[in-house]
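The values are calculated or read from the model by the stated rules, or taken from the named source; none is laboratory data. Every value quoted in this text rests on a predicted model; they were computed, and no experiment measured them. Cβ coordinates were reconstructed from backbone atoms using ideal geometry, including for glycine residues, and neighbour counts include every protein chain displayed.
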Amino acid sequence: MQKTVLLTGSQGFTGQYVREALVKDGFNVVGLVQSNAQANDVEANLLDFASLRMAVAQVRPHFVIHLAAIAFVGHASAEDFYRVNLFGTLNLLEALHAEKAPIEKILLSSSANIYGNPPVSKVSESIPPAPINHYAMSKLAMEHMARTWLDKFPIIFTRPFNYTGVGQEGNFLIPKIVDHFKRRADVIKLGNIDVEREFNDVRMVAQAYSGLLQHADAGTTYNLCSGIGYRLQDVLDYCSELTGHTIHIEVDQNLVRANELRVLIGDPTQLNGQLPQLPSIHLKQTLAWMLGQ
């Protein structure tokens with residue numbers, strides 16, 4: 001029998017790639033969307049418990065991947081982070097429980113931002129969280145809340161490090177840089193430029209979600225990471241190499257965040273041990289894809 005996955009955030013940047021990976025792996029995927037439901041999707045609002053119950057009753061999912069969230073750190077309302085990321089997740093779990101869905105596994109997407117500015121060069125899952133912004137705090141609160149449900153549901157926790165790809169919103173860093181190079185702009189205004197991050201490929205992340213849903217044990221936590229960090233200058237240099245265009249950087253103090261993470265690189269040991277066949281995609285390949293090359 002084909003198993004059904006309820007996928008929240010299915011219309012978002014990450015969700016479209018996760019759907020593709022799940023379908024490729026043989027799942028029936030039903031997206032949970034707020035509006036404009038397409039074939040095989042259902043409409044519900046994470047903040048509306050009644051609509052969630054109706055959706056769960058209709059779908060009766062075997063698996064859930066919960067991606068829907070406010071993920072842009074610079075989002076204007078602090079309260080929104082908690083309403084959606086924490087209480088929206090609580091509503092979803094309560095709806096699944098109230099409808100006695102035949103759940104075999106739930107995968108919740110948290111964030112590597114919960115580690116804050118860690119004191120080590122590569123962050124493993126054992127590093128204590130120390131969030132420094134509301135987005136990260138809301139995700140850590142979500143994790144703690146969801147752990148109170150482990151006696152009712154088999155839940156996996158994932159902490160993705162930075163990733164990018166075609167279709168990511170333009171207010172994120174890499175799409176902004178790519179857009180400037182596509183337009184062959186003379187100048188780009190950036191905030192903190194002295195940072196180092198992972199910039200993984202969304203297609204790798206999507207395969208990781210599908211693989212962990214199938215193979216990971218309940219109660220486990222995984223950093224979705226490669227262990228490879230890039231300086232912002234590396235990104236600009238790769239784009240220059242790919243396009244033959246150079247661009248002048250202006251630091252805009254309005255874009256500088258006081259609580260910016262300086263370095264955030266993960267330790268992929270646990271993920272690689274669970275999913276040794278994950279593809280390794282270099283950032284330059286991802287940028288070429290985003291540049292349309």
- Item | Residue list for segment 121-146, restricted to those being within 21 Å of ALA208 (Cβ to Cβ), over 17 Å from the mean Cα position of the chain (by Cα) and not hydrophobic (A, V, I, L, M, F, W, C) | LYS122, SER124, SER126, PRO129
- Message: Being part of a loop (DSSP other than H, G, I, E, B), surrounded by 19 or more Cβ atoms within 10 Å (Cβ to Cβ) and of a type in the set (Gly, Ala, Ser) is the requirement here; does SER226 meet it?
- Response: yes
- Condition set small (Gly, Ala, Ser) and assigned to a loop (DSSP other than H, G, I, E, B), scope segment 49-96, selection surrounded by the fewest Cβ atoms within 10 Å (Cβ to Cβ): answer is ALA76
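Looking at segment 14-40, which of its residues are at pLDDT below 95 and not hydroxyl-bearing (Ser, Thr, Tyr)?
Step one: filter segment 14-40 for residues at pLDDT below 95, giving 33-40.
Of everything in segment 14-40, those that are at pLDDT below 95 and not hydroxyl-bearing (Ser, Thr, Tyr) turn out to be VAL33, GLN34, ASN36, ALA37, GLN38, ALA39, ASN40.
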- Query: Only one of VAL5, VAL23 is surrounded by 23 or more Cβ atoms within 10 Å (Cβ to Cβ) and at negative phi; which?
  - Reply: VAL5
- Across segment 211-223, what is the total count of residues that are among the aliphatic types (A, V, I, L, M) and either outside any helix (DSSP H, G or I) or without any contact (Cβ under 8 Å) to a residue 40 or more places away in the chain (or both)? 2
- Is one or more of the residues making up segment 103-113 within 18 Å of the chain's Cα centre (by Cα) and either in a helix (DSSP H, G or I) or surrounded by fewer than 21 Cβ atoms within 10 Å (Cβ to Cβ) (or both)? yes
- Query: Which residue pairs have Cβ atoms under 8 Å apart, sit 6 or more places apart or on different chains, and have a first residue in segment 183-210 that is at positive phi and a second that is crowded, with 22+ Cβ neighbours inside 10 Å and basic (Lys, Arg)?
  - Reply: none
- Query: Within the set of pairs 6 or more residues apart or between chains, which connect a residue that is free of Cβ contacts under 8 Å to residues at least 40 places away in the same chain inside segment 1-24 to a residue that is outside any strand (DSSP E or B) and of a type in the set (A, V, I, L, M, F, W, C) with Cβ atoms less than 8 Å apart?
  - Reply: GLN2/PHE27
